[in-house]
Amino acid sequence: SVLSQAHSVLSQAHSVLSAGLGAAQMKVVGNAQVISGTTTTKISGLSAVLAAGATYEVVGRILHNISVASGVHFNVSGTTSALSTFVGVIKGGSNVSVQTVEYAQNFPWSISIPAGGTSAYLTQIDGIVKTSAGFTLEVFAWASAAGQDINIKPGSFLRAFKIA
């Protein structure tokens, strides 16, 4: 009986914490995707719904390679033009070239990775987002040159965790 009551108290405390912070949203790319050319294209599966007036920790890792040694661009944006602020780092590149962009501004937030070869790349998103209105956070990509393919690999992910 005492153990049961203690378990109940812990369970209620956990529920209060979970309700206040919300569960983490974890989106993972399950199948390879090909983004062709210079048109801005949403990466399927890499999005998170963010509530109004909240603060989120946002972490993402995009595994990719390119078909031609040319620049790659990524953009983190949303479904509204609300003044949401991102403070953090977007970093990408290969062993040949690395580009790091630090932001403390309203979105969209983007990075352009210079040509460095066609090998494997990892683009990282690490930051805090403070929302003024609710919206869907999305990740987009496009190539610097026509005829170039960006191959988004399975295992790429975006995670948003409400911290306040």
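Bear in mind these aren't lab numbers, they're just calculated from the coordinates by the rules spelled out. Keep in mind that this is a model prediction, so the values were computed, not measured.
Quick notes
- Sequence-distant residues sharing a close amide H with ILE43 (under 5 Å, placed H): VAL139, PHE140, ALA141
- Lysines whose Cα lies under 18 Å from that of LYS153, excluding same-chain neighbours fewer than 8 positions away: LYS27, LYS42, LYS91
- For ILE163, nonlocal amide neighbours, meaning residues 5 or more places apart or on other chains whose placed amide H falls under 5 Å from its own, are THR55, TYR56, GLU57.
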